Amino acid sequence: MKIKKLGFMGLVGLMGFTLTGCTDFLEVEPQNDIILEKFWTEKSDVHSIITGCYSALESDANIKRMMVWGEFRSDHIYIGENISSDGDLEKVLMENIDAKNTYTNWDGFYDVINRCNTVILYAPKVADKDPAYTQSELKADIAEVVALRSLAYFYLIRTFRDVPYTTEAYTDDSQKMDLPATPFNAVLDSLISSLQSVENDAVQRYPEDTPIYQTGRITQDAIRAMLCEMYLWKQDYDNCIKYADLVIASKKQIGEDNRKKSSNYASSGGTALFERTNGYPLIDSQTSGKNFGNAYSTIFGDDNNATRYMQEIIFQLVFEDSRATNNSSYANGAVNSFYGNSSARVGLVAPSDFLLEERDETQNRVVFDLKNKKLDARLYENFSTGDKCINKYTATDVSINATTEANPRADYSGRYSQNQNGSNWIVYRLTDIMLMKAEALSQKLMEGSEEDVVAYNKPILAEAFTLVNAVNKRSICQPLAQLKDTLVASDYNTKSLMETLVYKERQRELMFEGKRWYDLVRISRRTGSTADLAQAALRKAQTSQALIANKLEKMDAIYWPYNYEEIKVNKNLVQNPAFDSGEDKSYKKNY
């Protein structure tokens, strides 16, 4: 494990990078003569380093890896324009990864981990010195950094499987850093345990006058969302459902609070406004009449919608949304480069050809159900077929006119300019949690047609379908009075059919959000087979299909190799055998 050991000069030097410049969250100017004993003296010192933890997590390098690790090996992404400027990325897209590839570098995530560990070490000592630093504030701060550390580790184990794991802060050169890899399951269990230990200490809601904090900083909902997903990976479906229900209940309360504040609440007699989405507080896609796209504009648009999207977004990394400032310091450079901008509509990557063919396909759609015809808003919000570009995170808003249902017309009135992408990178939102719960429910189903099996499955199938149907209906471009369910419950009356429905809905809903490859890895871990993952990789491949198919037959190949430099400096790391370019080509399992 190669951790960049930032001295406290380095840590404090980064404190000037605030949460994103859109708030005054603990802005602290760099100072030049701070030593350890003099720095950790009051709670503002702790809060400054916590700010640095967020800044480190949302660095350009880390956001790029969230995108590349979580999405780019999947069937969604292929080569865009000017790919020659990033040869390592081209190799990833061609499934030609070796241990010297830049995207195998994990330093940025260990930087976040060490910052968080440092806060956990020193914050209690500050509480002993500063009477203004209460125990409840201390516990909330510890919960915040434990969650950020856990998130960083969760990215690492989903990508590399076994990774060096420590909760110790590295503050001097005498400490041992060449740790062996800890097995995936051991790290996962430790993350779950640490999150549960701080779950109730975290902030439940931030003040209403800072709504961006509610989604841009760690809350109880964010911690519970992490636990929901971690239990899904652990295949503990009851606990996955438990934490999903806690998040959903919290968001329903926020949605109800927002609803009561809305201008049409009184005139509607207080009747439910979430009829389209089966009672779940999802933001309506309908703008007016037969015009849609409101949900996209609210969730992925500017931060003026912060109060409204609180009911749907759970945790996101926040970037500056003031595009008029022409200041790229707080812009989302990773999205700008990879997905494109107003000057280069196609970035380094583009939607795969298999996706581009989906919109006009009349018989064999793989992702977008033909029953929806062309009325699924996500066909337009996620990507465009004309210029073959990714819209999600690059379009500031999307407007879909469905007056002609056979051929809706989409308008993209604005795209983020070069180096001014202000889109927040969403880590968790409500539809993600709903579909995780539906997946967990599908895994509780039994196969078979016997009477007792049918009776056992019936309520579970109904609950899972209600969740998926809510997400799906939100995206259908029909006014509520004319809306017809395009999904029919009786079509999904077995375990395998429900599993497939959930996976397809996750594809449609979370496309380009850094989720798809991880979903495929999770399926492979559960089934012990790489069949679904290999099939998905082959769908987007235009060359070397036989080579890719052969490589992805190996379970080891669904993870990434350790970086060559890590292998050189840490002799306790043993290279992934699917990638033979590490210094140590021998292999032994750590579990």
In whole Å, largest first, the alpha carbons of the chain cover along the principal axes 68, 61, 57
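Determine by what factor the alpha-carbon radius of gyration of segment 457-532 differs from 2.2 N^0.38 Å, reporting the quotient.
Details: Rg = 14.1 Å, N = 76, 2.2 N^0.38 = 11.4 Å.
It is 1.23.
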In nanometres, the difference between 0.36 nm per residue of separation and the alpha-carbon distance of Ala132 and Ala462 is 113.6 nm
So which aspartates and glutamates pass the test for Lys261, namely a Cα distance under 13 Å, with those fewer than 8 places away in the same chain ruled out?
Glu208
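With Cβ to Cβ distances under 9 Å as the rule, what net charge do the other residues near Tyr503 carry (K, R +1; D, E -1)?
Numbers: positive: Lys504, Arg506; negative: Glu439, Glu499, Glu505, Asp519, Asp532.
Within the 9 Å Cβ shell, the charges total -3.
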Here the FRET efficiency for Lys444 versus Met555, based on Cβ atoms and R0 = 30 Å and rounded to 0.05, is 0.75
Three principal axis lengths of segment 397-486 [C-alpha, angstrom, descending]
58, 34, 19
The Kirkwood hydrodynamic radius of segment 49-197, taken as the inverse of the mean 1/r over all distinct Cα pairs, in Å, comes to 17.1 Å
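Over 22 Å between Cα atoms, which of Lys251/Lys437; Lys290/Lys484; Lys176/Lys568; Lys437/Lys554 qualify? Before the final figure, lay out each step's value.
Values: Lys251/Lys437 15 Å; Lys290/Lys484 14 Å; Lys176/Lys568 16 Å; Lys437/Lys554 29 Å.
Violating the 22 Å limit, Cα to Cα: Lys437/Lys554.
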Just list whichever of Lys392/Lys473; Lys43/Lys571; Lys139/Lys252; Lys260/Lys495 have alpha carbons separated by over 29 Å in the model shown.
Lys43/Lys571; Lys260/Lys495
How would you classify segment 423-564 from its alpha-carbon gyration tensor, with a ≥ b ≥ c the square roots of the eigenvalues: rounded for a/c under 1.5, else prolate if a/b is greater than b/c, otherwise oblate?
oblate
Hey, what's the Kirkwood Rh for segment 44-90 if you take every pair of different alpha carbons, in angstrom?
12.9 Å
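Keeping every protein chain in place, order Ser85, Ser442, Ser59, Ser288 by accessible area at 1.4 Å, biggest value first, i.e. largest first. Display every interim value, and only then the final one.
Working: Ser85 90, Ser442 0, Ser59 40, Ser288 60 Å².
Final ranking, largest accessible area leading: Ser85, Ser288, Ser59, Ser442.
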By the C-alpha gyration tensor axes a ≥ b ≥ c (rounded if a/c is under 1.5, else prolate when a/b exceeds b/c, else oblate), the shape of segment 194-249 is prolate
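If you place +1 on the Cβ of every Lys and Arg, -1 on the Cβ of every Asp and Glu, and leave all else neutral, what size is the dipole of the chain about its Cα centre, to the nearest 20 Debye? Walk me through the numbers on the way to the answer.
Working: 68 positive and 82 negative charges, 198 e Å.
So the dipole magnitude of the chain works out to roughly 960 debye.
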Viscosity 1.002 mPa s, temperature 20 °C: what is the translational diffusion coefficient of segment 140-293 from Stokes-Einstein with a Kirkwood Rh over Cα pairs, rounded to a whole number of µm²/s?
118 µm²/s
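The values are calculated or read from the model by the stated rules, or taken from the named source; none is laboratory data. It should be emphasised that the depicted structure is a prediction, and the values quoted were computed from it without experimental measurement. All Cβ positions, even for glycine, are placed from backbone atoms using ideal geometry, and neighbour counts span all protein chains on display. For the accessible areas, the whole protein counts, side chains as well, though only heavy atoms, and no ligand, DNA or RNA atoms are used. Shrake-Rupley method; radii C 1.70, N 1.55, O 1.52, S 1.80 Å.
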